[in-house]
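To start, the structure under review is shown below, and the notes come after it.
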Amino acid sequence: MSMKIPFFNNKQSKEFFHYPEDHTPDHIAIIMDGNGRWAGKRGMPRVAGHKEGLSAVVKIVKAAVKCKVKVLTLYTFSTENWKRPKPEIDFILRLPKEFLHIYLPDLIANNVRIEAIGDMENLPAYTRESVQFAIDRTRDNDGLQLNFALNYGSRREILNAMKKMFTDINDAKLSMDEVDEQQFSEYLNTAGMSDPDLLIRTGGEKRLSNFLLWQLAYTEFWFTDVLWPDFSEKEFLHALEEYRQRKRRYGGI
Ligand code: FPP
């Protein structure tokens, strides 16, 4: 049975948290790690951690809307996650449908636009269709872009982009002289999106796990030991506060 967590009438309001008005990252990408360990510590099955992870997603989407973040990209299912036991895969891939079934009206009311990156074709129909429905339904919204990375792997994305680009060169739709970083970016799943300004990884590991390898070239990284189901609005605002202290030099001085 699903229990709805209030989306925007939560007691944790501006009275308790400071919402930075300036230097908010436009695009935040999150590797939501630690669900399995969260469950293991409580003697619960791993899927209980993913379920609790969904509650954290609700809190962080809400916080991102309040902070006027433009794009929030969530690493929901990687191309490597197919190595997990089938029941766990099925459980994770049902979560987007569950989330959207409960919260799509709230997301629409808050002008959120749903997007997805990754190989959607090879996902189960219940995942693909529910996400596609939300994409279509929110297409004209211009608030937060909530971007699910689903069946996403960065190396595969880069290879596919290269293949498409070479096809266009072969078909004389593009000349080799026109190829530059900007042009190549247009062949990636993230075409049209700004690169992430801030990457958050929960769960204590410090690696990229094949996430947005091209797009994270100049991104600020923020790691925390907090397991994803425990990641709250407070930690999210802490990450934003640290981001505000960083000096981004992009290779300059
Ligand atoms: C990694 O933790 C987490 C995942 C592979 C799944 C993440 C999915 C969610 C949090 C739900 C998202 C739902 C929506 C609708 C966006 P892990 O299982 O690898 O944790 P561990 O390292 O402790 O084992």
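Seen against the Cα atoms of the chain and their longest principal axis, helix 125-138 is set at about 80 degrees. Residue order for Trp228, Trp38, fewest other beta carbons within 10 angstrom first, comes to Trp38, Trp228.
Stokes-Einstein diffusion for the chain, with the hydrodynamic radius set to the Kirkwood value over Cα pairs and evaluated at 10 °C in a medium of 1.306 mPa s, equals 83 µm²/s.
How about segment 16-114: which trypsin sites (Lys or Arg not before Pro) there lie in a loop by DSSP and see at most 13 other Cβ atoms within 10 Å? If you can, show how the numbers build up before the last one.
On the way: sites: Arg37, Lys41, Arg42, Arg46, Lys51, Lys59, Lys62, Lys66, Lys68, Lys70, Lys83, Arg94, Lys97, Arg113; in loops: Arg42, Lys68, Lys70.
Answer by residue number: Arg42, Lys68.
Return the calculated 222 nm mean residue ellipticity for the chain, to the nearest 500 deg cm²/dmol, obtained by summing -39500 (n - 2.57) across DSSP H runs with n ≥ 4 and dividing by the residue count. Present the calculation step by step, with values, prior to reporting the outcome.
Values: 7 runs with 101 residues, N = 253.
Taking each H run of at least 4 residues, the total per residue is -13000 deg cm²/dmol.
Distance from the alpha carbon centroid of segment 190-222 to that of segment 124-167 works out to 17 angstrom.
With a sphere of radius 11 Å drawn around the Cβ of Lys234, what net charge do the other residues whose Cβ falls strictly inside it have (Lys, Arg +1; Asp, Glu -1)? Don't skip to the end; give the middle numbers.
Working: positive: Lys59; negative: Asp230, Glu233, Glu235, Glu241.
Taking every Cβ under 11 Å from that of Lys234, the sum is -3.
Around Gly153, under 9 Å between beta carbons, what's the net of Lys plus Arg minus Asp minus Glu among the other residues?
Working: positive: Arg155, Arg156; negative: Glu80, Asp119, Glu157.
Surrounding charge for Gly153 is -1.
For the chain, what is the charge dipole size about the Cα centre, in debye to the nearest 20, if Lys and Arg each add +1 at the Cβ and Asp and Glu each add -1 at the Cβ? Could you put the intermediate results ahead of the total?
Working: 36 positive and 36 negative charges, 213 e Å.
Around 1020 debye, computed over the chain.
Taking trypsin sites (Lys or Arg not before Pro) across segment 171-209, the ones in a DSSP loop with at most 14 further Cβ atoms lying within 10 angstrom of their Cβ are Lys173, Lys206, Arg207.
Here, segment 151-220 is characterised by an Rg to Rh ratio of 1.05, where Rg is the alpha-carbon radius of gyration and Rh the Kirkwood radius. Students often forget the sequence filter, so: which lysines lie under 18 Å Cα-Cα from Lys163 once same-chain residues fewer than 8 apart are removed? By straight Cα distance, Lys163 reaches Lys173. In segment 114-253 the Cα-Cα distances spread across 5 Å bins starting at 0 as 2, 8, 14, 16, 18, 19, 13, 6, 3, 2, 0 percent of all pairs.
Length gained on full extension, Tyr126 to Lys163: 10.4 nm, using 0.36 nm per residue less the C-alpha separation.
Computed from Cα positions, the angle between helix 46-66 and the longest principal axis of the chain comes to roughly 80 degrees.
Once the Cα atoms are used to define both axes, helix 86-109 deviates from the longest principal axis of the chain by about 80 degrees. Sorting Thr73, Thr127, Thr167 by the number of Cβ atoms found within 10 Å of their own Cβ, with the fewest placed first, yields Thr167, Thr127, Thr73.
No lab work stands behind these numbers, since they all come straight from the coordinates. Note that the structure is a prediction, hence the values are computed from the model and not measured. Ideal geometry is used to build each Cβ from the backbone, glycine not excepted, and the neighbour counts take in all protein chains shown.
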